[in-house]
Every structure is written in structure tokens, then in C-alpha cells.
Amino acid sequence: MNKKCCIIGIGGGGCKMLELLAESDLLCTLIAVNNEKGTLNFLDSCITNKIYVNKDQEALKGYLENPYNEENILDENIKNNLYELTKDCNEIAIVMTGGGVTGGTIAPIIAKYLKSLSKTVVAFTTLPFTFEGKKREKIARKTIENLEEICDQIEVIDNNKILKSLNKNDNMDDLNVKLSNIILRKIKNIF
Ligand SMILES: Nc1nc2c(ncn2[C@@H]2O[C@H](COP(=O)(O)OP(=O)(O)OP(=O)(O)O)[C@@H](O)[C@H]2O)c(=O)[nH]1
Ligand SMILES: [Mg+2]
């Protein structure tokens, strides 16, 4: 395990995963990215690196189809922040849960910026629960397609499979612990 690794949690689910990964023995730089100030403010206090993207879903939506023009989303301030926070990290894990607009658009854009800095970038994302509907699945699949084009490696975990593996009295927190453990194992194997 390379200590010079960095994990970037993006969007609502990605930031939640980051909080759970922060409880592990990983010695990585942790960065939370979201377009919701509230979510960033209320993150576990051990996550101190926070990047606020001041763009709502309406502004981000178009980037699902074309994640390549990142200049409008990552301003100089965000780029400088990312540059400084990752400057000693060669390997970067991007963690998000697929199906949302925020993670789905910002993750490929950040991955692209990090690739321009010659980092190794591995993305971890989920497929949405089937009960969430086709629209979310479509966003998640497009996100995967975009990440595959940009990242060195991408790991897709199906939320449905984890759901099936739960015990009768388990709840969403239990599901999230299972998901974060899967991500943790994969990160340890890859880096
Ligand atoms: N396992 C798990 N999946 C989650 C969790 N939160 C969200 N998801 C999944 O991730 C998808 C995207 O949700 P968010 O991560 O909240 O979306 P976002 O990236 O913030 O994007 P927005 O739609 O703009 O809010 C959902 O449709 C769910 O399938 C979570 O806590 N655990
Ligand atoms: Mg969100």
C-alpha cells in the first residue's frame, strides 16, 4: 500500500463513503467534493479537505454528455486546491455512488484534470438500486462510460448485490459499511 495515495469522495454518496473510509487504517489524503455546502459542513471532523463546487444540477447536467470541457466547472481556485492537495500523491482513488448528476459529472471532470497532472486515477462507483428507476441507471451507465475513457481503471459495484446480501434486520448504515469495506479492500489491492 502506497502511503502517498489520495481518496476523493464526490457527491452525496461519495462523501458518505469517504467518511466510512476515514475510519479505516488507510493513510491517505482525504478530499471531499460536493456542490452542497451543508453536506460538506457536516462531514466528520477528520475530513478537513473540502472542495465546494458552486454549480447546481442544472449547470452540471450538460456535462454528462460531454465531460471534456472542464474549464467551466473547475475554476482556477479549485484546480489550485486539487493540485496542492494531491501534489505528493501518485495514486488517486475517486469514490462516488452512481446515478446522481453531481458525482456523475464532477468525477470524470476531476479525473481528467488529475490525468493531466500524470496521476494514476482509479474510479470506484456504484450502480443504483433498481427501485430508483431507469433514469438513474442511465446516468450511472453514462458516468461509467465517461470514467472508463478517462481513468486508468474503474471498479463498478452494484448496490443491488449488496442489498441482496444484507441480513433481515440490516439497514442502510449496514449496507454502507459493506460497500465501504468492498471499496477499502479494492483500494488496498490496487494501490
Ligand atoms: N450505497 C449507497 N448508495 C448511495 C448512497 N447515497 C446515494 N447512493 C446512490 O447513489 C446515487 C446517487 O446519489 P448521490 O450520491 O446522492 O448523488 P450526487 O452525486 O450527490 O448527485 P445529485 O443527484 O446531484 O445529488 C443514488 O441514486 C443511489 O443509488 C449511500 O449512502 N449508499
Ligand atoms: Mg447530491
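Read-outs: derived from the displayed coordinates by stated rules, not from any lab. Only a predicted model underlies this, so the values are computations on that prediction, with no experimental measurement involved. All Cβ positions, even for glycine, are placed from backbone atoms using ideal geometry, and neighbour counts span all protein chains on display.
The protection proxy used here, the mean number of other Cβ atoms lying within 10 Å of each residue, ranks peptides 61-68, 144-151, 107-114 as follows, highest first: 107-114, 144-151, 61-68. Helices assigned as whole DSSP H runs in the chain whose Cα atoms extend at least 20 Å along their own long axis and whose mean Kyte-Doolittle hydropathy is 0.0 or higher are found at 101-116, 172-190. Fewest neighbouring Cβ atoms within 10 Å first, the residues F131, F191 line up as F131, F191. Placing dummy labels 7 Å off each Cα toward the beta-carbon, the span from K115 to T130 is 3.3 nm.
Could you name the lysines whose alpha carbon sits less than 20 Å from that of K37, not counting residues in the same chain fewer than 8 places away? K37 reaches K16, K50, K55, K61, K79.
Within the shell of other residues whose beta carbon sits under 9 angstrom from the beta carbon of A32, the net charge comes to 0, with Lys and Arg scored +1 and Asp and Glu -1. Its Cα centre serving as origin, the chain has a Cβ charge dipole (Lys and Arg +1, Asp and Glu -1) of approximately 380 debye. K138 sits among other residues whose Cβ lies under 14 Å from its own Cβ, and their net charge, with Lys and Arg +1 and Asp and Glu -1, is +2.
Could you work out [θ]222 nm for the chain from helices alone, using -39500 (n - 2.57) per DSSP H run of at least four and dividing by all its residues? Round to the nearest 500 deg cm²/dmol.
-14500 deg cm²/dmol
Straightening the chain between D173 and N160 buys 3.2 nm, computed as 0.36 nm per residue apart minus the Cα-Cα spacing.
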